[in-house]
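S.K.: Structure provided below as structure tokens; questions to follow.
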Amino acid sequence: VCGQVMFGGTTQQCRMICGSSLTFSNFLGLCTQVNNNGVISSAKTDCNAAGDEVYSYTYASEDCSGVPDTTVGPLSYASDRFFCAGPICPHAVYRRYDSCSNQDSWTDQKFLSVFGSCSATSTSKYVCDDFSIRTQTYQYDGCQGLLVSDSPMYEDGGCYGTTYQFGTDIVQCSMEFVTDEPTKAPTVAPTSAPSRHPTESPTAAPTHAPTDAPTYSPVVTRQPSEAPTTMDPTRNPSLQPTLVPSMVPTNSPTETLVFEDCVANFALFDGAGSVSVEIEETMRKLRITLSGSNSAWFGVGFGSHAMQDTYAVVVHEQSDTVQISQYALASGGQNNAEIVDNALDETESADIGNARVVSLVLDWESDTSGVYNFTAFLSGQLCSLPIIWAKGVTGTFGYHGAYKNNVLSLPSCKCDETNTAQPTVASVTATSFTLTVTAIPSESVTTTETPPNASASSERISFIHC
């Protein structure tokens with residue numbers, strides 16, 4: 001269920017946006033700031049008063065107070081993909097400066113994880129204080145047993161990145177659930193003698209008849225146990241212990257990727273779709289999200305304004321399933337395009353009303369030599385990346401006809417105006433893969449299609465760098 005997290009050994013709920021697996025994806029109600037050359041503004045994503053739609057708000061104030069300057073929405077989330085009731089989730093926000101030495105301009109970044117939350121199958125959790133954001137790893141699942149490691153990820157006065165360096169400060173840390181408004185029915189008569197040491201886990205079956213003859217002197221065993229009880233025993237022992245326990249517990253759990261927006265909702269397909277790019281600099285990953293009509297195939301090519309040898313992602317249907325395929329295009333049409341064998345870390349696909357939204361996570365540079373290389377664009381050596389798009393009239397990949405555009409370029413969020421490097425694109429062959437999509441209830445989505453006898457738009461559109 002979206003909104004549920006494991007916290008302190010119990011299931012609790014807080015406001016969030018969820019991914020396709022209904023697990024945490026983003027915060028709701030959390031206010032962050034931006035300093036643009038001395039002008040500080042704020043923004044947040046939150047639900048409307050009715051709690052049935054999600055909107056994005058920006059404010060001229062520094063604390064998301066007053067009337068929003070801009071309101072974008074409702075955002076395209078199915079009703080089971082967000083949870084509006086309850087408090088703000090435990091969270092952390094770090095301030096990202098433009099460089100390690102320049103603190104005149106900065107943007108607050110949400111660290112996308114519920115802090116202090118630890119699932120029953122995990123040995124690690126994120127924690128924070130006023131000076132750092134850290135990963136803690138424990139001996140056993142559910143973050144039980146001894147603390148194995150406590151590793152900082154971001155710290156006050158830190159300097160991170162390789163090609164593009166940035167400084168950090170911790171500006172928000174909450175290891176508790178935050179309520180926007182105080183309770184309407186506070187306690188009228190609080191206790192005059194509260195417990196100084198309340199019991200966290202009271203016994204379910206207290207002793208009714210204590211022993212008449214307690215032990216005054218413990219018996220000393222001549223053969224003590226070679227494996228005495230740990231000094232920090234588990235409070236919730238397994239009812240069915242494992243028959244083959246791990247001899248070497250995991251000390252380094254899989255690191256959660258934290259993506260940052262780079263290009264947001266760049267309009268494509270004559271206004272009927274978009275492309276977004278998010279980047280992760282530590283592991284050098286990027287997430288590409290495409291949206292278009294669910295009644296026809298659509299695709300985007302990166303790194304060129306021509307088809308020949310251009311790396312492209314095509315979303316189409318085959319045997320009633322959605323396919324996300326990678327191609328090295330050719331000028332002779334789809335029959336001459338070569339399928340690219342390039343590993344993807346993860347993919348998602350969902351139909352929302354009449355729209356189809358897909359995302360894929362991949363490396364900055366292809367694991368197959370020469371397929372693509374986004375490094376110059378994502379590191380700021382290129383200020384823009386030429387792209388092409390096309391779409392069909394059916395779900396089967398085929399000739400696009402007049403439904404195309406070859407004059408647009410994506411702006412780089414890491415632009416270094418002094419560099420004029422050019423993108424690198426080449427072609428190879430490989431296989432595609434199939435992703436089965438579960439149907440989602442239809443919602444009303446308006447799209448605009450270009451008539452078959454009309455020419456594609458060639459207007460250039462300017463976008464703000466993220």
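S.K.: Give me the percent relative contact order of segment 5-136, please, defined on Cα pairs under 8 angstrom at least 6 residues apart.
M.R.: That works out to 24 percent.
S.K.: Less than 14 Å Cβ to Cβ from SER20, Lys/Arg counted +1 and Asp/Glu -1: what total charge do the surrounding residues give?
M.R.: Once positives and negatives cancel, what remains is -1.
S.K.: By the scheme Lys and Arg +1, Asp and Glu -1, what is the net charge of all other residues having a beta-carbon under 15 Å from that of SER276?
M.R.: -2
S.K.: Rank these by accessible area, largest first, 1.4 Å probe: HIS316, HIS305.
M.R.: Of HIS316, HIS305, the descending order of accessible area is HIS305, HIS316.
S.K.: Excluding residues fewer than 8 places away in the same chain, name every one of the lysines whose C-alpha is closer than 26 Å to that of LYS285.
M.R.: Result set, ordered by chain and number: LYS44, LYS110, LYS125, LYS414.
S.K.: Using 0.36 nm per residue of separation minus the Cα-Cα distance, give me the extension gain between ASP341 and ALA267 in nm, one decimal.
M.R.: Full extension from ASP341 to ALA267 adds 23.8 nm.
S.K.: Could I ask something else about it? Once neighbouring chains are kept in place and the probe is 1.4 Å, which whole percent of the accessible area of segment 277-351 is contributed by carbon and sulfur?
M.R.: 39 percent
S.K.: Further, regarding this structure: If packing is taken as the average count of other Cβ atoms within 10 Å, what order do 29-37, 101-109 fall into, highest mean first?
M.R.: Output ranking for 29-37, 101-109: 29-37, 101-109.
S.K.: Right, next: Using a probe radius of 1.4 Å on heavy atoms only, what accessible surface per residue do you get for segment 1-97? Whole Å² is fine.
M.R.: Counting only protein heavy atoms, the per-residue value for segment 1-97 is 46 Å².
S.K.: Taking 51 Å as R0, compute the FRET efficiency from the Cβ-Cβ separation of VAL171 and ASN354 and round it to 0.05.
M.R.: 0.80
S.K.: Roughly to the nearest percent, how much of the accessible area of segment 98-164 is carbon and sulfur, given a 1.4 Å probe?
M.R.: Whole-percent figure for carbon plus sulfur exposure: 45.
S.K.: So for segment 69-179, Kirkwood radius off the Cα pairs, Stokes-Einstein at 25 °C and 0.890 mPa s: how many µm² s⁻¹?
M.R.: Values: Rh = 16.1 Å.
It comes out at roughly 153 µm²/s.
S.K.: Which lysines does LYS404 reach when only Cα atoms under 16 Å apart count, and residues fewer than 8 places away in its own chain are ignored?
M.R.: Those lysines meeting the cut-off are LYS391.
The values are calculated or read from the model by the stated rules, or taken from the named source; none is laboratory data. Since this is a predicted model, take the numbers as computed values, not measurements. Because the Cβ atoms are built from the backbone with ideal geometry, glycine has one as well, and the counts that use them run over all protein chains shown. Side chains are part of the model used for accessible areas, which takes the heavy atoms of the whole protein and leaves out ligands, DNA and RNA. Shrake-Rupley method; radii C 1.70, N 1.55, O 1.52, S 1.80 Å.
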